[in-house]
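See below for the structure under consideration.
Derivation of every value follows stated rules applied to the coordinates shown; laboratory data play no part. None of these values were measured; they are calculated from a predicted model. A quick note on method: Cβ atoms are made from the backbone with ideal geometry, for glycine too, and the neighbour counts reach across all protein chains shown.
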Amino acid sequence: MSLLSPGFLFAAVLALPLVAIFLLKVRPRRAPVTAYFLWDRVFVEKQSSAFFRKLRDVLSLALLLLALAACVFAASRPVPTDADDRDLLVVIDDSVSMTAGVGNGSAFDAAKAEARGLLTGISDERRGAIATMSDAVRMQRFLTTEPASLRKQLDALEPSWLPTDASAATVLQGLDGFADSLRTVVLTDASPETLGLPDDVGVISVAASGERDNAGFIAADLQLGADGDEVIIFFQLAASASLAEQSGEVVVSRDGRAIKIIPVTLAAGEASPIITTAAGGPGVYQLELALDDRPSDAMPSDNRVQLIAREPQPIRVAVPPASRFFFENAIIAFEQSEGIVRLTPEVRADIRLERGSDVPPADARLGAIVFALEPGSRWAATVGDELAAPIPRIVAQNHPALRFIPIESLTFTGARAVTLATGTAVLVEDQAGNPLVWQRRALPGDDTPSGLVFNMDPSRGDFFLSPYFPLLVRGATAYLGGRSDEPRAVFPTGAAVALPGLTPDQSGTITNPNTNAAETPAAVRTVAFGDRTPLTEPGIYDIDASGIESQLAAAVLHRGETITNAATDLPQLVELARGAPWWVKLAAVAVLLLIAEEALYHTRKVG
Amino acid sequence: MSSSAGLTDPAFIRRLESLSLLARRVLGGKLQADRRTNRKGMGVQFADYAEYNIGDDHRAIDWRVFGRLEQLIIKLFELEEDMTLVVLLDTSRSMASKLDHAKRLAAALAYIALQGLDQVVVYGLSDKLQTIVEPCHGRAKLLPMLRAIDTAESSGVDSDFDACCRTLQARHRRRAMVLPVSDFLFPTGFERGLGLLRYSNHEVFCLQVQDDADRRCDLRGDADLECVETGQRRRVTITPTEAAAYERAVQDWNESLRTACVRAGTGLVSTTTDIAFDDIIQRILRRGGLVA
């Protein structure tokens, strides 16, 4: 806009009535006095005030004209020639490390304040949007020209307990095609290099004020001992880069009562893992870190981990009389170590190990793990001749029953050509398509039980002596017993888990930790079999799997979040216009000028 | 001041009559020569005894004393003489807001004087001396006197007390009672004028009339001060400091008037327009008339 444009010339005309009004304003009141000679005496010592009065009048007029000029410029909506007029998407990192800081001085608060400054300049010509980014990018407010709605959305934002996932930035890479019309700015405490953001995405580093050093757990686990009267505890600590070496302790408590105190020494970086034991049985345990010299650090949320030691509920397994020794040892190996299986007589068994030649059990619906098929077996429609050196090929990838087995390296000695009945699913087959491992599911109205069939004879080729045999038995047993996804003692926040104890066609509920029960009820989610639900906050989750109640624990166990960036002055990598638009600033200047003139006017009127 | 509600208003005259009666009682009930003098001579009021000398009035010999002492003793009486009351009514423009009040005071004192059979003359005081009431005496002149004072208007450009006193000195060689009724805010001062009056052997009694606008300053901020008499103007900014300085200057001015009056043995009553005129007159009478 040129100063010679009609708008400015018209504005110049406005100055004339302004000057006229000013002259009327500054004209003093006429005051007849009877003792004029006495007033002369009073003012004889104040000759200099006349000069200042004239100066004040000139200043007052100048202020009025400047205010008029500021108003005219503001009305013209000026925009700097080098200003970026693209729409603005502000992405705020809401990962758990952004909670670092005390009170309102957290990095997340700093990011919100920065975002507020950036979005204040949103106008009719330039839209703004807000998104958050942790394990994923989530749009919080789509492009709008309303700064008030953006501010409202900003105020409502809260940091999550989730870690930053660099893969989330791939979503932002998809915005490459909009670079001409959209500018994306990420506000984060993470190192820009680690995020792998596209080049045209700006990064503004934010940091917590005050305390910036942090220490906390980055890994933890717990397992009930074989005797059930002690727990084995594993944990690993880490500290931010600038933390000086210092000592502290980890307090182990069970159901709120301290049972053990473990001295620790921390320095910058990761500490060595610690494995220890403590007396105790099943229950909820807690590890809490306390440093001697630093009663608090930047992020308290990673100083505490809750873990669950579950009551062992082994799957009862019966073994066939033939080759009993090897089958029994395969069960006993895991009965003694993790207690997931237990050798038991067939009458009380949940699952039966059988050879193809074994007679069917008394309970026809007893699940079975079957080896060495013989012609006439109930597990196949037909059983033919033995196959010569079949080469296995996995059909069902990542099947939980075969999770720890290198199937493709097994020889499957003794496998036979078979045709399968309906209701079976092939997991592994040979190069000719002969099934080598299949699963049969019990169907309604069908007497055939669920089972996993391994088309091989383990007594041949010394497979009984292979370490994979007990693993194969254990994996198949856990799968049939619904225990393939045995929950861990604690999950890191953000982990997606399947509800333990659910069998096909069942669903259950998971109740979030109710950390703020006085204000909001805990969130309850319904989860179907096979679905995985994310654990979004630390604490104990209550599970109801078709009437079977259990618990899950989650904690902030993320190396990248705990080892915070402790640099005091992070570089600002992008330059963006902050604050109100120029026309608002000019209008504010005009108001200030008018206030100053009004102050002068006040002195003229009241002295 | 219109005559209907002015000095010839019956209510006002009744108030003057009351004051006149008060004056008789206070001053001894003698209508003629109410004012006592130190001169001895023919009169009514006994003053002293003196030895008879040849040429003395035989009527003054106290024969009772002669009967007892066989000495010729004469009685001396205070000389009772006509007094001339000269009222100098300030009619300058600075008195515009106070002129009505000043007129009432002047009229009341002139009324009492005429009732006392004294001679009264009233002059207007501004840049020059202007006659408002010619010398007169007797009760018959009461109403004309009141009318003349009532119709007096503000005049003049710049009041000059000195010049007026010089004119008065020239006109009245005979001793008189001079009563200036003014705000005494004379730019050229008042000391010289009062000195001239005293030099002429006049008895002077100053009656200072001011109002709030004279003594206080409620102006604040920018103002274009204008002298009501000369029309001089001055643009100033009046802060509370300047306002206080002005009020202090007025106080000093009035204090200098009081000091000058005390030094010259001149009577002074300072009053403001918010005090009723008859209260002021009563105050003057109760303290012994217009004697300093």
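Brief remarks on what is shown
- Distance in nm between pseudo-label sites at A:LEU14 and A:GLN313 (7 Å out along the Cβ direction from Cα): 7.8 nm
- Packing order of peptides A:434-441, A:238-245, highest average first: A:434-441, A:238-245 (average count of other Cβ atoms within 10 Å over each peptide's residues).
- Peptides A:330-337, A:399-406 ranked from most to least packed by the mean count of surrounding Cβ atoms within 10 Å: A:330-337, A:399-406.
- Taking chain A and dividing mean pair separation by its residue count, relative contact order in percent (alpha carbons under 8 Å, at least six apart): 15 percent
- Between A:ASP180 and A:GLU158, the contour length at 0.36 nm per residue exceeds the Cα-Cα span by 4.8 nm.
- Residues B:ALA96 and B:ARG59, FRET efficiency given R0 of 56 Å [Cβ-Cβ distance, rounded to 0.05]: 0.50
- Of the DSSP H helices in chain A, those whose Cα atoms cover at least 27 Å axially and whose Kyte score averages 0.5 or more: A:6-26, A:48-75, A:582-606
- This ranking places B:PHE190, A:PHE491, A:PHE234 by how few other beta-carbon atoms lie within 10 Å of each, fewest first, which gives A:PHE234, A:PHE491, B:PHE190.
- Counting Cβ atoms of other protein chains within 10 Å of each Cβ in B:205-214 and taking the mean gives 1.
- Averaging the sequence gap over all C-alpha pairs within less than 8 Å and six or more residues apart, then dividing by the number of residues, gives chain B a relative contact order of 18 percent.
- Order by protection proxy (mean Cβ within 10 Å, highest first), peptides A:549-557, A:92-100, A:152-160, B:217-225: A:92-100, A:549-557, B:217-225, A:152-160
- If the chain linking A:THR526 and A:SER357 were pulled fully straight, counting 0.36 nm for each residue of separation and taking away their Cα-Cα distance, it would gain 56.5 nm.
- Take the Cα of A:SER507, step 7 Å toward its Cβ, do the same at A:ASP462, and the gap between the two points is 5.3 nm.
- Helix runs (DSSP H) in chain B reaching 18 Å along axis by Cα, Kyte-Doolittle at least -1.0: B:10-27, B:99-115, B:240-264
- Each of A:ILE510, B:ILE13 has some number of other Cβ atoms within 10 Å of its Cβ, and from fewest to most they run B:ILE13, A:ILE510.
- Among the residues of B:237-246, the average count of other protein chain beta-carbon atoms within 10 Å of the residue beta-carbon is 5.
- Counting lysine pairs in chain A that sit 8 or more residues apart in sequence, or on different chains, and whose Cα atoms lie under 18 Å apart gives 5.
- For chain B, calculated [θ]222 nm from helices alone, where every DSSP H run of n ≥ 4 adds -39500 (n - 2.57): -12000 deg cm²/dmol
- Among beta bridges that DSSP assigns inside segment B:176-287, antiparallel share in %, nearest 5: 40 percent
- Going from the residue with the fewest nearby Cβ atoms within 10 Å to the one with the most, A:THR413, A:THR34 rank A:THR413, A:THR34.
- Between the residues A:THR265, A:THR164, B:LEU16, the greatest Cα displacement towards the positive end of the dipole of the protein assembly as shown, with unit charges on the Cβ of Lys, Arg, Asp and Glu, is found for B:LEU16.
- DSSP bridge orientation in the protein assembly as shown - percent antiparallel, rounded to nearest 5: 60 percent
- For segment A:267-354: relative contact order, % (alpha-carbon pairs under 8 angstrom, 6 or more apart): 27 percent
- Extension gain from A:GLU125 to A:ARG41, taking 0.36 nm per residue of separation minus the Cα-Cα distance: 23.8 nm
- Residue mean of other protein chain beta carbons inside 10 Å, B:215-222: 5
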